[in-house]
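Encoded as structure tokens, the structure appears first; notes follow it.
The values are calculated or read from the model by the stated rules, or taken from the named source; none is laboratory data. What you see is a predicted model, and the numbers here were worked out from it, not measured in a lab. Every residue, glycine among them, receives a Cβ derived from its backbone with ideal geometry; neighbour counts consider all protein chains shown.
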Amino acid sequence: MNALTIRPASDAKWDCVALGEVMLRLDPGEERIARTRSFRVWEGGGEYNVARGLARVFGLRATVVTALADNAIGHLVEDLMLAGGMDLSNVVWRPFDGVGRTVRNGLNFTERGFGIRGALGVSDRGNTAASQLSPGDVDWGRLFGPSAGARWFHTGGIFAALSETTPLVAAEAMAAARAAGTIVSYDLNYRPSLWASIGGQAAAQRINRGLVRQVDVLFGNEEDFTAALGFEVDGGDTSLAELDPESYVRMVARVVAEYPNLRAVATTLRTATTATRNDWGALLWMDGEVTRARERRDLEILDRVGGGDSFASGLIYALLAGRSPVEAVEWGAAHGALAMTTPGDVSMATLSEVEKLVAGGSARVQR
């Protein structure tokens, strides 16, 4: 039995509530951002991707709290989110001024990378509707209260980095969720570009350290715990060319000693041989024990963006379903691996595909 006490599904309107910005992703496919003449569009956002995976892949009830400018671009993002099975009753719509002087929707240009050329993301998200959310804009008491309610709340370090007010909104939401008995998860998701003009890594660590005090389940990747919280990995390779899982186990032990409120800590372990071939694994600390997912060596990658988010949604799904920590980390790692075989931020996997991979299935053709 795990250490998390999760509300029964019958006692909540939503299985998961996510708080974060949802951007329009523009994907040049096999070309470069600076050279292409066409883009394919998707929706995406670190926090949103988790809830969207729970809805579209795992069939759970999920909603996103975000804000959009009320124009055609905002409604394109809305249409994409609806296709993902999301409840959009908690989207805040802001009046558009005609040109975006006061509010706009975020854009994210993303190259997938190939071989020796790494993936590249170029965000255009200043002054967005989501970045302008402030405490009091959302009635969290109503959202988490007895007339609605959620089993799980998820947000992260990307949303916290958008402005001076967004960390305050995240803290407000966390406090309301915890008061209502909702599990709170947070993905550190450190992005140097988001923090560069607002205090850099020092500001990121100060804000994240405060927010993590209200978290039950903490997610991060190979570098997040160092960059966003200041926990060094013993013998860590700054290029991440070599990963020692035991060093990460020791690091997680220091994290949970510093933050006794944490009930679980999960981290992905990725060694990028090239942009399209990675070693992929994960570990989960829970109930005082560390469990490692099976390592997938030389995993072929089509689009790595969103792999960590899909890891989180697979793990959350398993915990919501009452599965053990051993099973949960395998579900997370399998879903993350599958999500990286298709383009776009969000997962295109199916529940049966995740089940098959968890059980050790192969890639033989299905007919």
Exercise for the section: Return yes or no: is A241 modelled with pLDDT of 95 or more, small (G, A, S), surrounded by fewer than 17 Cβ atoms within 10 Å (Cβ to Cβ) and over 20 Å from the mean Cα position of the chain (by Cα)? Expected result: no
Fill in the blank from the handout: Residues of region 102-134 being more than 20 Å from the chain's Cα centre (by Cα) and either closer than 30 Å to S38 by Cβ or surrounded by 14 or more Cβ atoms within 10 Å (Cβ to Cβ) (or both), in sequence order, are T102, V103, R104, G113, F114, G115, I116, R117, G118, G126, N127, Q132
Problem - Filter pass, D287 being charged (D, E, K, R), under 30 Å from E111 (Cβ atoms), surrounded by fewer than 21 Cβ atoms within 10 Å (Cβ to Cβ) and modelled with pLDDT under 95 - result: no
Fill in the blank from the handout: Screening G46, G29, G59 for residues that are closer than 13 Å to S313 by Cα and loosely packed, with under 15 Cβ neighbours inside 10 Å leaves only G59
Handout entry: Which numbered condition W140 fails, given (1) touching an Asp or Glu at 6+ places or on another chain (Cβ under 8 Å); (2) closer than 26 Å to G307 by Cα
Key = (2)
Fill in the blank from the handout: Residue pairs within 6 Å by beta carbon, gap of at least six or interchain, first lying in region 327-345 and within 10 Å of R296 (Cβ to Cβ), second of a type in the set (K, R), listed first then second, are A337/R296
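Yes/no per residue for (1) of a type outside the set (A, V, I, L, M); (2) over 24 Å from R304 (Cβ atoms):
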site	(1), (2)
A3	no, yes
V17	no, yes
I33	no, no
E43	yes, no
F58	yes, no
Handout entry: Leading residue by the ranking (surrounded by the most Cβ atoms within 10 Å (Cβ to Cβ)) among those in region 308-337 that are of a type in the set (D, E, K, R) and in a helix (DSSP H, G or I)
Key = D309
Practice task
Please find, within region 86-103, the residue that is farthest from F144 (Cα to Cα) out of those that are touching a Leu at 6+ places or on another chain (Cβ under 9 Å) and part of a strand (DSSP E or B).
Solution key: R94
Exercise for the section: For A83, state whether it is under 23 Å from the mean Cα position of the chain (by Cα) and surrounded by 15 or more Cβ atoms within 10 Å (Cβ to Cβ). Expected result: no
Practice task
Check whether at least one residue in region 338-350 is at pLDDT 95 or above and either in contact with a Cys (Cβ under 8 Å, 6 or more places away or on another chain) or assigned to a helix (DSSP H, G or I) (or both), and report yes or no.
Solution key: yes
Problem - region 154-176 - residue that is touching a residue at least 60 places away in the same chain (Cβ under 8 Å) and out of contact with any Ser or Thr (no Cβ under 9 Å at 6 or more places or on another chain) and, of those, surrounded by the fewest Cβ atoms within 10 Å (Cβ to Cβ) - result: I158
